[in-house]
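Just below is one structure, and these are the notes that go with it.
The values are calculated or read from the model by the stated rules, or taken from the named source; none is laboratory data. Remember, predicted model here, so these are calculated numbers, not experimental data. Here the Cβ positions follow ideal geometry from the backbone for every residue, glycine too, while neighbour counts run over all protein chains shown.
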Amino acid sequence: MKRAVLSAVIAVTLGIVAPAAQSETKANQLFGAKRSAAPMAPAAIGSYAKGCAAGLVPLAQTGPTWQAMRLSRNRNWGHPETISFIKDLSAFAATLPGWKGLYVGDIAQPRGGPMLSGHQSHQTGLDVDFWMLPANRLDLTRRARENLSSISVRSSDQRRVNGNYTAQHAAILRHAAQDPRVDRIFVTPPVKLEMCQTATRRDRKWLRKIRPLSGHHYHFHVRLKCPAGNSDCVTQKPTVRQLSKGGDGCDATLQWWVTDFLDPPKPSATPAKPAPRKRGARDYVMADLPSRCQSVLTAD
């Protein structure tokens, strides 16, 4: 890390932040240096992929029906509504055969914001990852939680679910999708395909919240709606209803994920001009984030 960046991160950690240093330092380094939440009223600020959060609370490392994983990352902080949702969903999972609850992956950093590594989203305390690995024991040591791996529920050709996917996974996803707090759930496309094929005609409305997205075969990602009263929270557009036009998302667009996405058509003889690269979350500086994130960052 360059000396100027290191000095800025130390200053943030100590609560002594020079505006000039902040303008030069990436926002993920500033927020990643914070080890505790901003002592403010709970608030999700900005969008899921460009924002921050005040008043986040930590998910207990171990609860009656959950364990937080990868504790060294310090990403088990969430909006109080998110923490409540995790407890509710894990309690439901514990009623299923072979499951004592849920293993919980990343939620957010103590003050949200862009992360040093990994996710582009998870910035407002309203995103949470749940492992596909059944939580059949809740006494894992801290070391075990760093080294244990989840399981993939996707076949090697990426076109269907494999033998790890069970009726219990489907029940947990369905239960989560029916929760009014949930905006959408990201899963590997084969899981969405499987759910579309097995859902009954009368029980499909919740399927619109199940959204196919590559990279989600070891975990599923739940995104909550903006909580009531959080006026600075930005709802994702288009909404799930707009995406599916009131349907369940089990249409030709779903088949794309296991056809052209995996085996794209050959490019034409005249290649199209590549689109300019968009800046990712790890390129943001404080000026890119909502102005209120400044007070969240420096609150002590």
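Among residues of segment 85-104 that are assigned by TED's automatic domain parsing to the domain that holds Ala176 and under 24 Å from Pro227 (Cα atoms), those with a Cβ under 7 angstrom from a residue that is basic (Lys, Arg) and surrounded by fewer than 20 Cβ atoms within 10 Å (Cβ to Cβ), sequence gap 6+ or separate chain, pair up as Phe85/Arg181. Inspect segment 189-200 for any residue being under 19 Å from Lys225 (Cβ atoms), at pLDDT 95 or above, buried (at least 20 other Cβ atoms within 10 Å of the Cβ) and not polar (S, T, N, Q) and give the result as yes or no. No: zero hits. Any idea which residue in segment 232-244 is farthest from Ile185 (Cα to Cα), counting only those that are at pLDDT 95 or above and surrounded by fewer than 21 Cβ atoms within 10 Å (Cβ to Cβ)? So the residue we want is Asp232. Only residues that are surrounded by fewer than 24 Cβ atoms within 10 Å (Cβ to Cβ) and not in a helix (DSSP H, G or I) were counted in segment 78-105, giving 8. For the residues Leu116, Leu89, the requirement of being within 21 Å of Arg174 (Cβ to Cβ) and either in contact with a helix residue (DSSP H, G or I) (Cβ under 8 Å, 6 or more places away or on another chain) or at pLDDT 95 or above (or both) singles out Leu89. Contact annotation: residue pairs with Cβ atoms under 8 Å, 6 or more positions apart or on different chains, pairing a residue in segment 22-48 that is in the same structural domain as Thr235 (by TED's automatic domain parsing) and free of Cβ contacts under 8 Å to residues at least 24 places away in the same chain with a partner that is buried (at least 21 other Cβ atoms within 10 Å of the Cβ) and of a type in the set (A, V, I, L, M), are Ala41/Ala54. Taken over segment 156-169, residues that are surrounded by 17 or more Cβ atoms within 10 Å (Cβ to Cβ) and either assigned to a strand (DSSP E or B) or out of contact with any Lys or Arg (no Cβ under 9 Å at 6 or more places or on another chain) (or both) amount to 3. Here Asp129 meets the list (1) acidic (Asp, Glu); (2) in a strand (DSSP E or B); (3) farther than 30 Å from Leu297 by Cα almost entirely, failing just condition (3). Counting only residues that are of a type in the set (S, T, N, Q) and within 15 Å of the chain's Cα centre (by Cα), segment 36-69 holds 1 of them. Only a single item in (1) surrounded by fewer than 22 Cβ atoms within 10 Å (Cβ to Cβ); (2) part of a loop (DSSP other than H, G, I, E, B); (3) not hydrophobic (A, V, I, L, M, F, W, C) is not met by Arg145, and it is number (2).
Checking each residue in segment 70-94 for being within 14 Å of the chain's Cα centre (by Cα) and among the hydrophobic types (A, V, I, L, M, F, W, C) picks out Trp77, Ile83, Phe85, Ile86. Ile172: outside any helix (DSSP H, G or I) and in contact with a Phe, Trp or Tyr (Cβ under 9 Å, 6 or more places away or on another chain), yes or no? When the stated conditions are applied, Ile172 does not pass them.
Number of residues in segment 59-91 that are over 19 Å from Arg111 (Cβ atoms) and of a type in the set (Ser, Thr, Tyr) equals 4.
Every residue, every condition in (1) of a type in the set (Ser, Thr, Tyr); (2) surrounded by 13 or more Cβ atoms within 10 Å (Cβ to Cβ); (3) closer than 26 Å to Ser117 by Cβ; (4) without any contact (Cβ under 8 Å) to a residue 12 or more places away in the chain, yes or no:
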position: Cys250; (1), (2), (3), (4): no, yes, no, no
position: Leu254; (1), (2), (3), (4): no, yes, no, no
position: Leu262; (1), (2), (3), (4): no, yes, no, no
position: Met286; (1), (2), (3), (4): no, yes, yes, no
position: Thr298; (1), (2), (3), (4): yes, yes, yes, no
